[in-house]
Amino acid sequence: MDEGRIVAWHKSEGDTVAAGDVLFEVETDKATMEVESPTAGTLRRILYPADATAPVATVIALITETADEPLAADSSVAAEPPPGAQPPKPSLRDEGPPASGRDPIARGPSEVEPVVGSAAASSDGERVRSSPAARKRAQELRVDIGKIAGSGPGGRVTLEDVDGAATAKSSPVATSSEETREPLSRMRRAIGERMTKSVREQPQFSISRDVDMTAANEKRKAADASYTDAIVAAAAKTLRDHPRLRARIEDGHLVTSDAANVGLAIALTDGLLVAVLRDADRKSLTDLAAERERLEEHARAGKLAEHELTGSVLTVSNLGTMGIDRFTAIVNPPEAAILAVGRVADRVVAKDGSPEVRPIATLTLSVDHRVADGATAARYLSAVADRLERGDL
């Protein structure tokens, strides 16, 4: 996450808040999340109103221990602009984190940093108030920043202004093949950056295994669960005995999690996101099914909480529901592995020397080679398959 848009405040200036109270909602690249207060006290100042876009590591509000605690002079200036001034709408990509490097959480009134604009030269040599990110985006989209009417404070050109100008420039233009052109959405850009990072930084290999889903099918029907739930259950419980598949590379170290939190890839209208089934190895199949349904519902409504989007050690991606027999998925960083699931389909297989029709699914495991080798991955995938074929879910 680089920046977030404040969707709504749940508290007003002067309100008493407790640690854990929902303060506001923030829209990120993939979801709208509720943010809780990190401390108790009085909400004295809201520095970024609803609909403002704020950089990560930027102070957006002040909470004091008492309602009458004096605020520092710089806090008052930042929180109380001159009469008639427009509320600030800075962008994370526009400004970056505070230059002082101080703690981004507002624990006291002295944590406020003023946000200043910058200027760029237009094609005709005039100076244009804009941000480095807006200028960079204008160059990428080949838009003359000098011809854009800025909507920011003092007529400052923002990222949104540049994107809007690029859309207006490209929309009326159609080639002989009736092509259309539009800027990538924030979600598509985030997915592209994340997957490019994965392929560039994580050397990956993949292995596959066909699994007889007869026993798993009986077990999931009894629990009123789906095939996805059954595979998540098997993958999570198998992680207990395979710590390497719970590990990740971080700052040159191998970091192994004790929790078997399994990510679930959920398709959305304009992309996908990974919601997290926490401690999936400890849940019954019925509980997993209920939790999965809740996460899917919240994901499509854009209402996932922060803890529901972070902390997974392995992701399960099931395209079998769309009729796909098998596929290879890209590892979701910083995880070390992802399990791709094809559809469950009747196939003729040999059983005790005789042909039988059985429901078979193909599982493909992609692994970060820095974390695990082929033999380690094969042992894990075989154990997942054996658990499914036994119905040990």
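Numbers below:
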item: Scope the range 25-52; condition open to solvent by less than 50 Å² (accessible area, probe 1.4 Å), assigned to a strand (DSSP E or B) and either closer than 24 Å to ARG189 by Cβ or touching a helix residue (DSSP H, G or I) at 6+ places or on another chain (Cβ under 7 Å) (or both); matching residues; result: GLU25, VAL26, THR32, MET33, VAL35, ARG45
item: Residue list for the range 309-347, filter: in contact (Cβ under 8 Å) with a residue 40 or more places away in the chain, part of a loop (DSSP other than H, G, I, E, B) and touching a helix residue (DSSP H, G or I) at 6+ places or on another chain (Cβ under 6 Å); result: VAL313, ILE330, VAL331, PRO333, VAL344
item: Filtered residue count, the range 367-393, keeping only those that are part of a strand (DSSP E or B) and under 21 Å from GLY323 (Cβ atoms); result: 0
item: From the options GLU182, GLU218, residue that is without any contact (Cβ under 8 Å) to a residue 40 or more places away in the chain and of a type in the set (Asp, Glu); result: GLU182
item: Number of positions in the range 25-34 that are out of contact with any Gly (no Cβ under 8 Å at 6 or more places or on another chain) and at pLDDT below 85; result: 3
item: Pairs, first under 20 Å from ILE231 (Cβ atoms) and open to solvent by less than 70 Å² (accessible area, probe 1.4 Å) in the range 252-264, second assigned to a loop (DSSP other than H, G, I, E, B) and of a type in the set (Asp, Glu), C-beta under 9 Å, six or more apart; result: ALA259/ASP279; ALA260/ASP279; ASN261/ASP279; GLY263/GLU335
item: Hey, ARG292 more than 20 Å from MET187 (Cβ to Cβ), basic (Lys, Arg) and in contact (Cβ under 8 Å) with a residue 24 or more places away in the chain or not; result: yes
item: Test: residue in the range 191-202 that is open to solvent by 70 Å² or more (accessible area, probe 1.4 Å), modelled with pLDDT of 75 or more and in contact with a strand residue (DSSP E or B) (Cβ under 8 Å, 6 or more places away or on another chain); result: no
item: Residue under evaluation LEU388, criteria (1) closer than 30 Å to ALA190 by Cα; (2) buried (at least 20 other Cβ atoms within 10 Å of the Cβ), criterion not met; result: (1)
item: Search result, residues across the range 268-297 that are within 14 Å of ALA31 (Cβ to Cβ) and assigned to a strand (DSSP E or B); result: LEU268, GLY271, LEU272, LEU273, VAL274, ALA275, VAL276
item: Complete set of residues in the range 357-369 that are within 22 Å of ARG390 (Cα to Cα) and open to solvent by 40 Å² or more (accessible area, probe 1.4 Å); result: VAL357, ARG358
item: Whichever residue in the range 370-382 is in contact (Cβ under 8 Å) with a residue 24 or more places away in the chain and surrounded by fewer than 17 Cβ atoms within 10 Å (Cβ to Cβ) and, among such residues, is nearest to GLN202 (Cα to Cα); result: ARG370
item: Subset of the range 298-308 [in a helix (DSSP H, G or I), touching a residue at least 12 places away in the same chain (Cβ under 8 Å) and either among the small types (Gly, Ala, Ser) or within 25 Å of ALA230 (Cβ to Cβ) (or both)]; result: HIS298, ALA299, ARG300, HIS307, GLU308
item: Residue check for ALA350: outside any strand (DSSP E or B) and either surrounded by fewer than 21 Cβ atoms within 10 Å (Cβ to Cβ) or at pLDDT 95 or above (or both); result: no
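The values are calculated or read from the model by the stated rules, or taken from the named source; none is laboratory data. Just so we're clear, the structure is a prediction, and the values are computed from it rather than from any experiment. Cβ atoms come from the backbone with ideal geometry, glycine included; neighbour counts cover every protein chain shown. Note: areas computed on protein heavy atoms with side chains; ligands, DNA, RNA excluded. Shrake-Rupley method; radii C 1.70, N 1.55, O 1.52, S 1.80 Å.
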